[in-house]
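FYI, it's all coordinate maths here, none of it is from the lab. On a predicted model such as this, the values are computed, not experimentally measured, just so you know. As a convention, Cβ positions derive from the backbone with ideal geometry for all residues, glycine included, and neighbour counts pool all protein chains shown.
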Amino acid sequence: MVASIDVHTHMLNRDWLELLRSHGKPRFELRKSLDAPEGIMMDGAPFMTPQPGHFDYPTRIKLMDEAKVDMAIVSLTCPNVYFGGPDISLKGAQIVNDSMAEAQKIYPSRIRWIASLPWEYPDLAVKELARSCDRGAVGVMVLANIGNKSLTDPLFAPVWQAIDQRALPVLVHPTAPPGTPEMDMRQFNLIASIGFMFDTSLAFARIFFDGFLDRYPNLKLIASHAGGTLPFLVGRLDQCFDNMNAARTKTSTRPSDYLRRIYYDAVTYRPEALRMAIEVGGADKVMYGSDYPHNIGDMVGCLKRVDDLPAGERDAVRGQNAERIFKL
């Protein structure tokens, strides 16, 4: 069977965590949550809960063996390195990128990695991109909003240009959407269940209506969590585009066409949702992912849902698409 390649799976680093503890305030703090003795809070709301597996590559490899996952393309998660000012943000990126590069050396047949960048400081981000690629990064990670700024903000144009020149895959991962406190997402961990899906969907809707992909034709953007709500909303996006002048001020391309130009992971927990992502994006655009080791990650279940697809789609999603897109 085709090798299984996990394109959405995370690792942290103890030094990065301590950097966040020291420099993340006032927005980020580490304290006890309902899920763990220590969780990351954002604007006072439960945000991300580090797990033992986030720091343990031998355990990861063992669980990959048990789940029959052949390769993991690891990335940092939110809040990434968007805190602390330029020096701290760069230091956080270097800490994590170097840690992942070292893991790839130790497990050369099992681990690849996606670079984190200090996006808020474009000159530093472009330099760190070059350094990370020299160290073996196969892609880039970005959160769906960067310090409450949209990904299409002109501030980030130099970084996007550098990534586009290298034609690298970019994992667009959600974080808490702007206005989280006002939307009353502090209760019930609504950031994870609803906010993340909203953040991804809003980011890509802006990208589509802005004509962003036409300015950066070599980008390979990956919409996390099977595209958030985008596959479900494709009809509404097109209907608004066809009937509202404001939606056509920067592009003449329908959202459904752009949805076939981006990529998707298979981190979704119902076969119907995976089926919809494949139908909207195409079987050549979807890749296996697990979200391991988050407490809602599902290495085994996500792979089973992929393996239950018809054979041609299964092989593409299981690993062939990732091999092509990441040039493995």
**OP:** Might you check whether a residue that is within 28 Å of residue 184 (Cα to Cα), among the basic types (Lys, Arg) and surrounded by fewer than 22 Cβ atoms within 10 Å (Cβ to Cβ) occurs anywhere in region 17-24?
**Re:** yes
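List the helices (runs of 4 or more DSSP H) inside region 85-189, counting only whole elements, that have at least 1 residues being touching a residue at least 60 places away in the same chain (Cβ under 8 Å).
Working: elements: 85-106, 122-134, 157-166.
Answer list for region 85-189: 85-106.
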**OP:** Consider residue 135 carefully, then state whether it is surrounded by fewer than 20 Cβ atoms within 10 Å (Cβ to Cβ) and farther than 23 Å from residue 207 by Cβ.
**Re:** yes
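In region 311-328, what residues are of a type in the set (Asp, Glu) and either crowded, with 19+ Cβ neighbours inside 10 Å or closer than 19 Å to residue 137 by Cα (or both)?
Scanning region 311-328 gives a single hit, 323.
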Original post:
Here are 280, 234: which of them is under 20 Å from residue 320 (Cβ atoms) and touching a residue at least 40 places away in the same chain (Cβ under 8 Å)?
Top reply: 280
Original post:
Across region 75-101, which residue is farthest from residue 124 (Cα to Cα) among those that are aliphatic (A, V, I, L, M) and surrounded by fewer than 24 Cβ atoms within 10 Å (Cβ to Cβ)?
Top reply: 101
**OP:** Select from region 1-51 the residues that are in contact with a helix residue (DSSP H, G or I) (Cβ under 9 Å, 6 or more places away or on another chain) and among the β-branched types (Val, Ile, Thr) and list them in ascending order.
**Re:** 2, 5, 7, 9, 40
